[in-house]
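The values are calculated or read from the model by the stated rules, or taken from the named source; none is laboratory data. Everything numeric in this text was worked out from a predicted model, so none of it was measured. Here the Cβ is made from the backbone with ideal geometry for all residues, glycine too, and neighbour counts use every protein chain on show.
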Amino acid sequence: MNTNQEISLDELISGIKNFIFCLDLYKEKINNLNVFPVPDGDTGTNMLLTLRSLDLSNSKTIDVENFLSTLKNSSLMEARGNSGVILSQFFIGLLAAYKKNNSLTLRTLAESIVNAAQTTRESLPNPVDGTLMTVYEDVGSVAIKSYSKSKSLSDFLKILSEESIKSVRSTPDKLPILKEADVVDSGG
């Protein structure tokens with residue numbers, strides 16, 4: 001794939017809808033993993049409610065930048081709990097990467113994950129490794145290294161998915177409370 005090839009809004013929306021579908025399927029499992037920072041069992045629910053607040057319907061009547069701006073604003077304003085706020089950083093990062101590149105490409109997606117990691121770490125008063133922030137950092141690092149070598153959007157997302165799984169599995173090694181509870185980070 002030419003990494004400068006545009007990714008359509010329909011492809012982006014489809015990805016977000018698939019993520020929402022998967023979160024809905026697994027929210028209770030995610031909730032049951034929730035031990036940090038507070039074992040309140042709501043991480044999956046908060047992430048799902050944050051994403052469900054997104055208006056994905058007007059992509060046909062609005063330009064890409066305005067659509068991404070709407071996603072950023074609604075995800076941040078409707079974010080639920082710590083996990084929702086941290087999840088919203090992806091959309092903040094996506095808009096920033098789009099503005100920098102003036103296109104929606106694999107490079108833009110890679111940069112959006114790096115942006116999300118940076119803004120998450122900078123916005124937390126006491127950032128803790130072994131959380132969704134760390135997963136953003138790990139996946140962002142791989143995304144930057146692999147976007148230009150990826151043959152397609154699907155190939156790129158497979159690489160990122162594999163790194164996400166690897167990163168999530170390593171969270172107990174970075175955050176002792178997870179190891180003690182014998183769980184991985186619920187936000188990752």
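Based on what the data block shows, is Leu87 part of a helix (DSSP H, G or I), at pLDDT below 90 and surrounded by 17 or more Cβ atoms within 10 Å (Cβ to Cβ)? In short, no.
Filtering region 91-109 down to residues that are surrounded by 23 or more Cβ atoms within 10 Å (Cβ to Cβ) and touching a residue at least 40 places away in the same chain (Cβ under 8 Å), which residue is nearest to the chain's Cα centre (by Cα)? In this case the residue turns out to be Leu109. Inside region 28-58, residues that are basic (Lys, Arg) and either closer than 17 Å to Ser88 by Cα or assigned to a loop (DSSP other than H, G, I, E, B) (or both) make up a count of 1.
Of the numbered conditions (1) farther than 16 Å from Ile7 by Cα; (2) without any contact (Cβ under 8 Å) to a residue 40 or more places away in the chain, Leu175 satisfies every one except a single condition; which is it? The single condition Leu175 does not satisfy is (2). Of the residues that make up region 115-123, is at least one among the aliphatic types (A, V, I, L, M), farther than 18 Å from Asp10 by Cα and touching a Phe, Trp or Tyr at 6+ places or on another chain (Cβ under 9 Å)? For region 115-123, residues among the aliphatic types (A, V, I, L, M), farther than 18 Å from Asp10 by Cα and touching a Phe, Trp or Tyr at 6+ places or on another chain (Cβ under 9 Å): present. With the checklist (1) loosely packed, with under 15 Cβ neighbours inside 10 Å; (2) closer than 28 Å to Val184 by Cβ; (3) without any contact (Cβ under 8 Å) to a residue 40 or more places away in the chain in hand, flag the one item Ile20 doesn't pass. Evaluating Ile20 over (1) loosely packed, with under 15 Cβ neighbours inside 10 Å; (2) closer than 28 Å to Val184 by Cβ; (3) without any contact (Cβ under 8 Å) to a residue 40 or more places away in the chain leaves (1) as the failure.
Looking at region 158-178, which of the residues that are basic (Lys, Arg) and farther than 20 Å from Glu28 by Cα is surrounded by the most Cβ atoms within 10 Å (Cβ to Cβ)? Break it down into steps so the answer makes sense when it comes.
Within region 158-178, the subset basic (Lys, Arg) is 158, 166, 169, 174.
Filter again for farther than 20 Å from Glu28 by Cα, leaving 158, 166, 174.
Numbers: Lys158: 12, Lys166: 13, Lys174: 15.
The qualifying residue surrounded by the most Cβ atoms within 10 Å (Cβ to Cβ) is Lys174.
Among the listed residues Val135, Val183, Val142, Val168, which satisfies the condition of being touching a residue at least 60 places away in the same chain (Cβ under 8 Å) and either part of a helix (DSSP H, G or I) or not hydroxyl-bearing (Ser, Thr, Tyr) (or both)?
Numbers: Val135 fails: touching a residue at least 60 places away in the same chain (Cβ under 8 Å); Val142 fails: touching a residue at least 60 places away in the same chain (Cβ under 8 Å); Val168 fails: touching a residue at least 60 places away in the same chain (Cβ under 8 Å).
Exactly one of Val135, Val183, Val142, Val168 is touching a residue at least 60 places away in the same chain (Cβ under 8 Å) and either part of a helix (DSSP H, G or I) or not hydroxyl-bearing (Ser, Thr, Tyr) (or both), namely Val183.
Of the residues making up region 1-15, those that are surrounded by fewer than 17 Cβ atoms within 10 Å (Cβ to Cβ), part of a helix (DSSP H, G or I) and touching a residue at least 24 places away in the same chain (Cβ under 8 Å) are Asp10, Glu11, Ile13, Gly15.
Is region 68-84 home to any residue that is part of a helix (DSSP H, G or I), surrounded by fewer than 14 Cβ atoms within 10 Å (Cβ to Cβ) and not β-branched (Val, Ile, Thr)? Yes, region 68-84 has at least one match.
Yes or no: Ile86 under 22 Å from Phe156 (Cα atoms) and touching a residue at least 12 places away in the same chain (Cβ under 8 Å)? For Ile86, the condition - under 22 Å from Phe156 (Cα atoms) and touching a residue at least 12 places away in the same chain (Cβ under 8 Å) - is not met.
Checked against the criterion of being at pLDDT 95 or above and crowded, with 17+ Cβ neighbours inside 10 Å, region 53-66 contains not a single residue that satisfies it.
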